[in-house]
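Before any comments, here is the structure.
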Amino acid sequence: MTYLRRLPKFEYVGARSVREVSDLLARRPDETRLLAGGTDLILQMRRREVAPRYLVGLKGVSELAFVRQQEDGGMTMGALTTFQDIETSPLIREKYGILSQTASQIGGVEIRGVATIGGNLMGAQPCSDFPAPLITLGAKVKLVGKDGERLVALEDFFPEYGRTVAAPDEILTEILLPATSKLSGGCYLKFHDRHAMDMTITGAAAFVTLNDDRQTCSELKIALSSSAPVPKRVKKAGAFLQGKKLTEDALEETAALACQEAEPRSSWRARREFRLELIRGLTKRAVRQAWEEVMATANGGRK
Amino acid sequence: MGAKEIGARVKRREDAALLVGRGSYVGDLRLAGMLDAAFVRSPHAHALVRSIRAEAARRLPGVHAVLTLADLPASMQVPIPMASVIPAAVEKLYASEAEVTQYCLARDEVCYVGQTVAVVVADDRYVAEDAAELVEVEYDVLDSASDPQGALGNGAVLSHVRLPSNLACRLRLAKGDVDAAFQRAAHVFRESLHTHRGSASPMEGRGVAAALDTATGTLTVWSSAQTPHNNQRVLAELMGGSLEMVRVIVPDVGGGFGPKAICYAEEAVVAACAAVLARPVRWLEDRREHFIATTQERDQYWEVEIALDRDARILGVRGRMLHDNGAYLPLGLITPHTGAATMHGPYEIANFHLDVSVVLTNKVPVSVVRGAGRPEGVFAMERLMDRAARSLGMDPADLRRRNLIRPEQMPYSIGLVYRHGETVTYDSGDYPASQAKALELAGYDAFASRQADALRAGRYIGIGVANFVEGTGLGPFEGATVRVLPSGKVHVIAGCCPQGQGHKTALAQVCADQLGVRLDDITVVTGDTGAIPMGVGTIASRSGANAGSAVLLAGAEVRKRILRLACKNLEAREDDLELSEGRVHLKGDPAASVSFSELYRAALGGARLGGWLSPEIPPGLEATTYFTPRQSAFCNGTHVTEVEVDIGTGRIRIERYVVVHDCGRVINPLIVEGQVQGGVAHGVGNALLEFMGYDDDAQPLTATFLDYLLPNAACVPRVEIGHLESPSPINPLGVKGAGEGGTIGAPAAIIAAIENALKPFDIAISEFPLTPRRLIELLSRSAKWGALAP
């Protein structure tokens, strides 16, 4: 059993710019961790899963806290954007409602006030909630390192359990989201034992774009949390509905495919069978909810 | 004298300070030169301690001492005495109490993860914990007993090397001829039940600080405790001193819920450290320690059956219960014994036989957690009632109604022996009225049609009913001093020891009615052995009944003295006088009155030297009275709850929650309602969320609030509360107790409602907590489920 103990000893350096963070990280990449909201890292340290000698505090790096609309209709947000920002930003609520909906389901107001999107992605926890909806949106992340910067599709960001493709000297600085069609919308549903403020047992994100007929599916992306060693896009499940109308049978088949592609594990918290049952149920509900909402807004002309 | 304050919805006088952070807890103490302690604890569930090497720890700058058992005073190198007496009728399978109680620091064997092995005292907690990590303990790890059912078999792993088996005690509660009753029964139904253990989880964990007055040799101990006088007694014994050399003060306490009712190893060790070092020493429990070193409760397995006649009247109940007490018996058998006797409940049961086996395992020891065995006993009885009703196709409320003890049968002896050897006699109550009122508040009669409508829409809603009777007002006594001060204001000093119950409001209400003073002019002092020498403490829903009655009696005595003096002063007869606003008034003459302050001077023989008093009247306006109840008072209640189950995920939502509660005379309805609401929250946690898991090696699995889920605001319904007031004849106030009724009925009612919601799947639920994962597991066994899951 691991317990929450007092923090191990460490040295704290508060950084003011991405450049400074980069320099500090390059100095001792293996012994240094970046501290954003700390909602994951502090717990890991208190469990002694990690005991970095140096913590670089990001609180003062104001250039990483922003939400910006792009000229192409897309959006970027800085790594220090908090869950609360995501939950309440008018821009995100309007264009990427699935992200506000996701934020509102995580933790309580205290956690949402400090936890950041960058930390949620860099933590690479399978139970993190943001990777799945962001993957369905086709998000990319920008990594800045000593040799320059690069963009990586979030779908390819998590090579294996607990890891990202970021090099030890690279910092995740921003998340880029493509523009969305007026005939699209998403839904993220998660399950946890308690009605709020609890670890995700399984989550399902669905983002659907309809054809101009406003009936059939142009594209459906589905991704799952806590259903595999990494945040998992289930491509076959998404592809199944392409060109089809929403029917109960088709939904059932989509969910069955999602279960086939998922690789949930058993733990004392939830057995594999239970997680599969949840994947099935949540996939159906998330797809249905996203689809019905798109149809409603498309036909009601609200969006 | 009319009751003006008793029964009034007075806001708690404690809260303003607590809400703005002006409470004063053990953690707020600032004593000059105070050091902090940290404990070295066993990481193993069962091991022999081969050696303890502390040199490195002692060398760390800032460390003042590292103590092991051998370094403690000789009087403390013994097991901590059991906090209650095991009745003589119980069969004990151990040779001496020392084998089933714990040493303050490990002697040669540790029997659970978290057991205290050594203590470090340092300048601050950080240094103390750094040093604790440097203490090298060499263990021989032994196999451990984790599963209580497996712990009784032949060749089972022993939880203690010195015990012949893991079976510590056997007790039997029986009356009538149960086997004959079962033979002539028209119907017999069986249940195998499991109730799981949880932590009490008060906001403030345990905490203790101790300081030695080197001039007098007196030790003062501040403790976040429920029973200061008991702790004083235990500490004095372990320190090898007499009682009066130890004073225990309990400041504000952030919740107790039972586990703080015993004196723990840490308290004794901190006291010893303060004495050895002659410096104040403090230890504050952190949450990790609360999970692994503070007592827990509710691990029981029940095999029970019920016999009914043709009219669905109970002929008998029989069975056995296996109680897992963890590694030791710190509180004797209070919990299993109470649970077993509570099973009987509000029903007429002529024949009863329950065999209880108490087993020791290598887990955190068990004492009491709000309800103290009763939620388990009620769960057993109410599950049997539901099982019978379902099998007979009867309405479960109707089956219960047929079997309730009627008010005209009161007082009613159930013929079973209670935890302290006394026979249970229900003192008063109207059980049919309780159930009827609860069903009415919950709209029970209309539910079946709502349920059918919901089902047609693919929604699964259900309703559950549970009745309980709870022994409250535990003896042997409680005392109070009521004292008029020179200003005319009043001090009340009581032996009880609140942890959030609102005693400073409720006891003031009792006193105010006696003396006619405003609540603001009454100060209530509790939890200080230096202020009242004899006391018991706040456990077992006993303070209203006992401390409340003591305040009533002491207040009445002071009132008598006030009137006697006022008669002289106002030249009036007692009948013509009335007390209000801290004065005695002559009825009908607003000008004629005398203040308590003036009477106080008169009660001292005047304000100057040379006065005289009648020898038969003691000086001053104060009295100390002890109230000694002849038996427990028995409160009762009915819970009715409505739930909705999401059969796709197993999520359970409590839609409505009704409690009708009869705690005798209600001193303060707001406080009682708060107790019921909070108690239900606790019960919701027990029923649905709180899972204190251990693996096969008895290692705790859920020792953080990330893994151990407490109910939060989103899970807890607003409880609709109905009061019934059947005054208790046991005490002069007529009160019973209100601290636990909200919890006791909750798991039974909630589980019944879930089972009722899932009627179409024909599954039986025999356990709590019922988590979503477990519910889906149960549903997946039903052939009808797969096709229906949305």
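The values are calculated or read from the model by the stated rules, or taken from the named source; none is laboratory data. What you see is a predicted model, and the numbers here were worked out from it, not measured in a lab. Positions of Cβ are generated from backbone atoms using ideal geometry, with glycine treated the same way; all protein chains shown enter the neighbour counts.
Of the residues in segment B:455-467, how many are free of Cβ contacts under 8 Å to residues at least 60 places away in the same chain and assigned to a helix (DSSP H, G or I)? Total satisfying the criteria: 1.
The criterion of at least 2 residues that are within 14 Å of chain A (Cβ to nearest Cβ) and among the hydrophobic types (A, V, I, L, M, F, W, C) is met by the following helices (runs of 4 or more DSSP H) wholly inside segment B:670-785: B:772-779. Out of B:G377, B:G429, one residue alone is in contact (Cβ under 8 Å) with a residue 12 or more places away in the chain and assigned to a loop (DSSP other than H, G, I, E, B). It is B:G429.
For segment A:256-303, how many residues are among the aromatic types (F, W, Y) and within 11 Å of chain B (Cβ to nearest Cβ)?
2
The helices (runs of 4 or more DSSP H) found entirely in segment A:90-206 that carry 3 or more residues being small (G, A, S) and either within 16 Å of the chain's Cα centre (by Cα) or buried (at least 24 other Cβ atoms within 10 Å of the Cβ) (or both) are A:97-104.
Being at pLDDT 95 or above, outside any helix (DSSP H, G or I), in contact with a Cys (Cβ under 7 Å, 6 or more places away or on another chain) and surrounded by fewer than 23 Cβ atoms within 10 Å (Cβ to Cβ) holds for only one residue in B:A32, B:A65, B:A37, and it is B:A65.
Within the group B:A74, B:A56, which residue is over 30 Å from B:N325 (Cβ atoms) and more than 26 Å from the chain's Cα centre (by Cα)?
B:A56
Can you confirm whether segment B:691-714 contains a residue that is at pLDDT 95 or above, among the β-branched types (V, I, T) and surrounded by 20 or more Cβ atoms within 10 Å (Cβ to Cβ)? No; the residues of segment B:691-714 include none that is at pLDDT 95 or above, among the β-branched types (V, I, T) and surrounded by 20 or more Cβ atoms within 10 Å (Cβ to Cβ). May I ask you to verify whether A:A166 is touching a strand residue (DSSP E or B) at 6+ places or on another chain (Cβ under 8 Å), within 15 Å of A:M122 (Cβ to Cβ) and more than 14 Å from chain B (Cβ to nearest Cβ)? So A:A166 passes the test.
Going residue by residue through segment A:126-141, is there one that turns out to be at pLDDT below 95 and out of contact with any strand residue (DSSP E or B) (no Cβ under 9 Å at 6 or more places or on another chain)? Looking for residues that are at pLDDT below 95 and out of contact with any strand residue (DSSP E or B) (no Cβ under 9 Å at 6 or more places or on another chain), one finds none in segment A:126-141, hence no.
Checked against (1) touching a strand residue (DSSP E or B) at 6+ places or on another chain (Cβ under 6 Å); (2) part of a loop (DSSP other than H, G, I, E, B); (3) more than 17 Å from A:H192 (Cβ to Cβ), A:S227 passes all but a single condition, namely (3). Could you run through segment B:572-624 and say how many residues are part of a helix (DSSP H, G or I) and touching a Pro at 6+ places or on another chain (Cβ under 7 Å)? Qualifying residue count, segment B:572-624: 3. Does B:L416 meet the test of being of a type in the set (A, V, I, L, M), at pLDDT below 95 and buried (at least 16 other Cβ atoms within 10 Å of the Cβ)? Here the answer is yes, as B:L416 does meet what is asked.
Only a single item in (1) of a type outside the set (S, T, Y); (2) part of a helix (DSSP H, G or I); (3) free of Cβ contacts under 8 Å to residues at least 60 places away in the same chain is not met by B:A275, and it is number (3). Does segment A:246-260 contain at least one residue that is touching a Ser or Thr at 6+ places or on another chain (Cβ under 7 Å), at negative phi, among the polar types (S, T, N, Q) and crowded, with 24+ Cβ neighbours inside 10 Å? Taking every residue of segment A:246-260 in turn, at least one turns out to be touching a Ser or Thr at 6+ places or on another chain (Cβ under 7 Å), at negative phi, among the polar types (S, T, N, Q) and crowded, with 24+ Cβ neighbours inside 10 Å. Filtering segment A:74-89 to residues that are among the β-branched types (V, I, T), buried (at least 23 other Cβ atoms within 10 Å of the Cβ) and in a helix (DSSP H, G or I) leaves only A:I86. Any residue at all in segment A:190-202 that's more than 14 Å from chain B (Cβ to nearest Cβ), touching a residue at least 12 places away in the same chain (Cβ under 8 Å) and more than 15 Å from A:K244 (Cβ to Cβ)? Looking through segment A:190-202, none of the residues is more than 14 Å from chain B (Cβ to nearest Cβ), touching a residue at least 12 places away in the same chain (Cβ under 8 Å) and more than 15 Å from A:K244 (Cβ to Cβ).
Of B:D576, B:D589, B:D521, B:D528, all but one fail to be surrounded by fewer than 17 Cβ atoms within 10 Å (Cβ to Cβ) and either at pLDDT 95 or above or in contact with a Ser or Thr (Cβ under 6 Å, 6 or more places away or on another chain) (or both); the exception is B:D576.
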